[in-house]
1. Considering region 71-125 alone, what residues qualify as being among the aliphatic types (A, V, I, L, M) and within 19 Å of F157 (Cα to Cα)?
2. Please list, ordered by first then second residue, the pairs with beta carbon atoms under 7 Å, 6 or more apart or interchain, first in region 138-153 and under 13 Å from V23 (Cβ atoms), second surrounded by fewer than 18 Cβ atoms within 10 Å (Cβ to Cβ) and not charged (D, E, K, R).
3. Which residue out of P100, P69, P138 is surrounded by 13 or more Cβ atoms within 10 Å (Cβ to Cβ), closer than 16 Å to F27 by Cα and touching a strand residue (DSSP E or B) at 6+ places or on another chain (Cβ under 9 Å)?
4. Every residue in region 110-135 that is part of a helix (DSSP H, G or I) and either open to solvent by 60 Å² or more (accessible area, probe 1.4 Å) or not acidic (D, E) (or both), please.
5. Looking at region 72-97, which of its residues are more than 26 Å from D145 (Cβ to Cβ), among the polar types (S, T, N, Q) and either open to solvent by 70 Å² or more (accessible area, probe 1.4 Å) or touching a helix residue (DSSP H, G or I) at 6+ places or on another chain (Cβ under 9 Å) (or both)?
6. May I ask you to verify whether N174 is in contact (Cβ under 8 Å) with a residue 24 or more places away in the chain, in a loop (DSSP other than H, G, I, E, B), of a type in the set (S, T, N, Q) and in contact with a strand residue (DSSP E or B) (Cβ under 7 Å, 6 or more places away or on another chain)?
7. Exactly one of (1) open to solvent by 70 Å² or more (accessible area, probe 1.4 Å); (2) touching a Lys or Arg at 6+ places or on another chain (Cβ under 9 Å); (3) under 23 Å from N40 (Cα atoms) is unmet by P194. Its number?
8. Does F146 satisfy the condition of being closer than 21 Å to T65 by Cβ, out of contact with any strand residue (DSSP E or B) (no Cβ under 6 Å at 6 or more places or on another chain) and either open to solvent by less than 40 Å² (accessible area, probe 1.4 Å) or outside any loop (DSSP other than H, G, I, E, B) (or both)?
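The values are calculated or read from the model by the stated rules, or taken from the named source; none is laboratory data. No experiment lies behind these values; they were computed from the predicted model shown. Here Cβ is always computed from backbone atoms with ideal geometry, including for glycine, and neighbour counts include all displayed protein chains. Keep in mind that these areas ignore ligands, DNA and RNA; they rest on the heavy atoms of the full protein, side chains included. Shrake-Rupley method; radii C 1.70, N 1.55, O 1.52, S 1.80 Å.
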Amino acid sequence: LLLLTASLLLNVALAQDTVHVTVCTKFWKTNAPITGTNINGTGLDSSKSCADFEYILSLLPPGQTFSFPASKEQDDPLNGVTSLDLVKYGTHILGIQPLPNFGILAGDVNRSNSFTTFDYVETAKLILGIYAEFPNAPVWRFTPDFQLPFPNPSNPFVGPFSYELSMTELQALNGDTITLIGMKSGDVDGDANPTSTFLG
């Protein structure tokens with residue numbers, strides 16, 4: 001009886017000490033799932049966009065932080081990137097028609113944390129076939145929803161940003177879903193296909 005009681009108490013303690021989170025990728029423009037992503041080292045097949053994670057906090061060192069990096073490289077770099085994007089670059093830079101925050105982030109293809117004519121030139125090189133892919137930007141980039149809203153709504157490059165959760169913050173999300181918002185590099189108007197795959 002004592003062993004059974006001890007076992008039950010241990011199971012209850014472990015249950016209270018265990019955190020489950022689901023992490024999903026979604027496209028910023030349509031909120032559609034982005035399939036075939038790699039989330040925190042968990043490669044997903046072409047039909048999935050979510051991965052489940054479980055942590056037993058007492059087994060982790062104090063001060064442990066948690067992040068969920070994602071990537072999707074098996075996609076055509078030109079997915080969603082057309083001459084219309086170049087028009088959108090121009091009208092934004094000239095102040096005629098500002099782009100939404102995620103469009104601006106997608107357009108920073110030289111990873112300078114700014115949106116300038118240099119990004120326009122890099123995107124034009126991709127469209128013209130001078131580049132096979134962007135030399136400084138991954139095919140897709142992701143921002144966790146716990147990082148939102150942007151500290152400066154008019155400039156999404158201005159931080160501070162944190163891509164990590166503390167143990168306390170992770171505990172508060174137990175049973176919840178974390179969304180990684182995806183942007184296709186160079187696709188400033190958000191017309192990329194989030195379920196496409198391309199094995200170049």
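1. Passing the criteria: I93, L94, L99, I104, L105, A106, V109.
2. Going by the 7 Å Cβ cut-off, the qualifying pairs are P144/Y163.
3. Going through P100, P69, P138 in turn, just one is surrounded by 13 or more Cβ atoms within 10 Å (Cβ to Cβ), closer than 16 Å to F27 by Cα and touching a strand residue (DSSP E or B) at 6+ places or on another chain (Cβ under 9 Å): P138.
4. T117, F118, Y120, V121, T123, A124, K125, L126, I127
5. T82, S83, Q97 - these are the residues of region 72-97 that are more than 26 Å from D145 (Cβ to Cβ), among the polar types (S, T, N, Q) and either open to solvent by 70 Å² or more (accessible area, probe 1.4 Å) or touching a helix residue (DSSP H, G or I) at 6+ places or on another chain (Cβ under 9 Å) (or both).
6. It is true that N174 is in contact (Cβ under 8 Å) with a residue 24 or more places away in the chain, in a loop (DSSP other than H, G, I, E, B), of a type in the set (S, T, N, Q) and in contact with a strand residue (DSSP E or B) (Cβ under 7 Å, 6 or more places away or on another chain).
7. Among (1) open to solvent by 70 Å² or more (accessible area, probe 1.4 Å); (2) touching a Lys or Arg at 6+ places or on another chain (Cβ under 9 Å); (3) under 23 Å from N40 (Cα atoms), P194 violates only (1).
8. So F146 passes the test.
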